[in-house]
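S.K.: This is the structure I have questions about; it appears just below.
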């Protein structure tokens with residue numbers, strides 16, 4: 001059972017020094033996330049939600065506490081070690097897609113594999129397979145600006161999937177999409193979860209969060225509630 | 001990461017900021033142009049001169065009143081020297097002839113108009129007075145007819161050997177031999193033509209005539225320049241130094257130079273001339289390279305500026321790359337390769353311009369066209385160095401960006 005735990009955060013705090021003032025972005029947070037969970041982290045702006053996401057996503061390290069990611073102590077890692085963890089174990093999906101404008105769809109999806117040192121042939125194969133899984137196999141040579149917003153987010157999801165990461169971490173993934181396209185993207189996340197992926201949504205929208213099976217609410221740098229969603233929305 | 005991708009990104013960056021990039025590329029091109037151009041010029045000047053010097057006969061040295069190149073100070077010091085007059089030269093010739101292959105006496109003047117019938121040259125022909133030995137020491141070859149001989153000199157014959165330019169100008173049809181041409185209102189019979197010699201530094205070596213030195217001194221020589229030069233060809237190459245010592249001794253005797261005095265005349269070999277010339281071309285080279293380095297430093301600062309702006313503009317992209325797992329050295333490498341690519345683009349333009357400039361210069365100076373391969377190699381090296389050196393700080397800055405900040409950057 002314990003082997004199922006991917007993320008084990010214990011008594012984590014994060015403080016920033018803003019001039020003379022110390023900002024407590026996170027005061028004391030403990031959170032465990034298991035394999036194949038579908039979880040939403042919620043909170044209004046200023047709640048510490050973004051800090052939480054940055055720490056979970058290994059973009060930042062906590063000031064205090066321990067963070068074990070698949071039993072590796074992330075809290076004490078340096079920049080390059082964190083980059084390695086992000087590359088191998090975390091698939092990011094951003095609100096603004098963050099695709100490289102000048103690169104083709106396929107090249108964008110290949111990028112994490114480039115940094116992982118995967119050879120070109122295998123890289124292209126895997127990138128193509130990832131694009132196929134989000135239904136964009138016939139858009140491989142398009143540039144991002146030739147795609148619709150929904151298609152761009154699919155490319156970003158393919159890029160997140162291509163390394164077969166331990167978690168998919170999505171930050172307001174529908175924030176820049178109209179509601180109809182947003183629903184399609186949420187359906188895609190549902191499918192990813194069904195296929196055995198671990199999905200973490202970071203959002204302030206109830207409509208999005210209700211797709212998740214577990215909802216963690218953050219307020220004032222603390223976890224306010226951590227509840228099972230009795231009836232996840234199906235799309 | 002693959003270098004190719006970085007190169008493409010760099011070319012993209014150039015294209016999307018044409019003005020800014022082209023200014024910087026331009027200054028790199030100027031710098032490399034200056035280096036390649038002066039390299040080409042120096043190489044071809046030196047090659048031409050050493051080729052020319054070799055043609056003028058090896059193992060030859062010259063005695064004359066003044067050194068061939070003089071500074072102002074030297075001129076002030078030496079201006080009181082007495083001429084080497086024809087009698088002194090004659091005496092020297094008699095004493096020296098047993099120990100040398102040839103001893104020639106010469107004087108010359110320029111800017112002369114030569115006429116034949118109603119045809120005439122421009123006022124730019126160089127007229128030399130010489131003797132039979134002069135043809136040997138200066139390695140002048142005859143195409144048709146004969147050179148001057150000792151009787152021509154001793155009997156003051158009005159005969160002339162003419163260069164190829166005059167053959168073409170005055171005798172477009174028919175043989176010049178036996179024809180009478182006019183030099184400074186004096187009539188001369190053409191007895192020979194000189195084999196074409198080409199040109200040095202744009203100066204034709206064929207726009208000249210040679211008449212007996214005796215006649216020259218009488219009718220043609222400028223009153224203010226009646227000092228003759230004596231050219232001596234040693235019996236063999238390894239005897240040049242020995243022969244020169246001997247010649248200096250004899251000349252000092254003739255001139256009455258006291259043992260404690262410096263010689264009252266100058267002496268030099270072709271080697272000293274070409275050394276002096278190489279000294280001169282070295283300055284040309286230093287100047288070109290100096291100007292090039294200044295331009296390259298300016299260009300380097302421009303490259304740094306472009307790269308800093310590029311890093312700023314692509315902050316978000318850097319954030320994404322880092323989030324996806326790019327380590328610091330990937331980012332560092334990417335931006336340094338971009339900087340190198342920029343420099344190589346400018347350098348490539350500079351190399352092409354420099355080669356064209358060098359070839360153009362060689363053509364107008366009539367020198368050998370020399371492609372300075374090692375300068376091209378150096379230029380490519382310099383551009384790489386520029387890219388690494390001036391790209392390092394922006395690339396380091398990019399690699400240090402905090403991914404969270406970078407992702408948030410608008």
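S.K.: Among the residues of region B:314-349, write down those that are out of contact with any helix residue (DSSP H, G or I) (no Cβ under 8 Å at 6 or more places or on another chain) and more than 12 Å from chain A (Cβ to nearest Cβ).
M.R.: B:348 - this is the single residue of region B:314-349 that is out of contact with any helix residue (DSSP H, G or I) (no Cβ under 8 Å at 6 or more places or on another chain) and more than 12 Å from chain A (Cβ to nearest Cβ).
S.K.: Here's another thing I want to ask about it. So, in region B:60-79, exactly how many residues are closer than 13 Å to residue B:267 by Cβ and part of a loop (DSSP other than H, G, I, E, B)?
M.R.: Total satisfying the criteria: 4.
S.K.: Right, next: Only residues that are surrounded by fewer than 16 Cβ atoms within 10 Å (Cβ to Cβ) and part of a helix (DSSP H, G or I): list them for region B:233-253, please.
M.R.: B:237, B:238, B:239, B:241, B:242, B:245, B:249, B:253, listed by residue number.
S.K.: Condition first: in contact with a helix residue (DSSP H, G or I) (Cβ under 7 Å, 6 or more places away or on another chain) and either in contact (Cβ under 8 Å) with a residue 40 or more places away in the chain or crowded, with 21+ Cβ neighbours inside 10 Å (or both). Now tell me which residues in region B:177-203 satisfy that. Steps first, please.
M.R.: Going residue by residue through region B:177-203, those that are in contact with a helix residue (DSSP H, G or I) (Cβ under 7 Å, 6 or more places away or on another chain) are B:181, B:183-184, B:186, B:193-194, B:196, B:200-202.
Within region B:177-203, B:181, B:183, B:184, B:193, B:194, B:196, B:200, B:201, B:202 qualify.
S.K.: Would you check if there is a residue in region B:268-290 being crowded, with 18+ Cβ neighbours inside 10 Å and closer than 22 Å to residue B:227 by Cα?
M.R.: yes
S.K.: Mind listing whichever residues of region B:390-410 are at pLDDT 80 or above and surrounded by fewer than 17 Cβ atoms within 10 Å (Cβ to Cβ)? Walk me through it before giving the result.
M.R.: Filtering region B:390-410 down to residues at pLDDT 80 or above leaves B:390-409.
Within region B:390-410, B:392, B:393, B:396, B:400, B:402, B:405, B:408, B:409 meet the criteria.
S.K.: May I pose another question? Which is assigned to a helix (DSSP H, G or I), more than 14 Å from every other protein chain (Cβ to nearest Cβ), touching a helix residue (DSSP H, G or I) at 6+ places or on another chain (Cβ under 7 Å) and closer than 25 Å to residue A:107 by Cα, of B:311, B:388, B:298, B:284?
M.R.: Answer to the selection: B:311.
S.K.: If you don't mind, another one. Within the group B:339, B:323, which residue is in contact with a strand residue (DSSP E or B) (Cβ under 8 Å, 6 or more places away or on another chain), more than 30 Å from residue B:44 (Cα to Cα) and in the same structural domain as residue B:396 (by TED's automatic domain parsing)?
M.R.: Result: B:323 is the single residue among B:339, B:323 that is in contact with a strand residue (DSSP E or B) (Cβ under 8 Å, 6 or more places away or on another chain), more than 30 Å from residue B:44 (Cα to Cα) and in the same structural domain as residue B:396 (by TED's automatic domain parsing).
S.K.: Something else about it: For region A:45-66, name all the residues that are outside any helix (DSSP H, G or I), without any contact (Cβ under 8 Å) to a residue 40 or more places away in the chain and touching a helix residue (DSSP H, G or I) at 6+ places or on another chain (Cβ under 8 Å).
M.R.: Pass one, region A:45-66, residues outside any helix (DSSP H, G or I): A:45-48, A:57-66.
Applying the additional criterion that residues be without any contact (Cβ under 8 Å) to a residue 40 or more places away in the chain yields A:46, A:58-59, A:61.
Those that are outside any helix (DSSP H, G or I), without any contact (Cβ under 8 Å) to a residue 40 or more places away in the chain and touching a helix residue (DSSP H, G or I) at 6+ places or on another chain (Cβ under 8 Å): A:58, A:59, A:61.
S.K.: Additional query: Count, please, the residues in region B:181-214 that happen to be within 21 Å of residue B:150 (Cα to Cα) and in a strand (DSSP E or B).
M.R.: Total satisfying the criteria: 14.
Rundown of residues vs (1) over 22 Å from residue A:174 (Cα atoms); (2) at pLDDT 95 or above, yes/no style:
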site	(1), (2)
A:15	yes, no
A:41	no, yes
A:49	no, no
A:63	yes, no
A:95	no, no
A:109	no, yes
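The values are calculated or read from the model by the stated rules, or taken from the named source; none is laboratory data. Small disclaimer: the values here were computed from a predicted structure and weren't measured. Glycine gets a Cβ as well: all are built from the backbone with ideal geometry, and neighbour counts include every protein chain shown.
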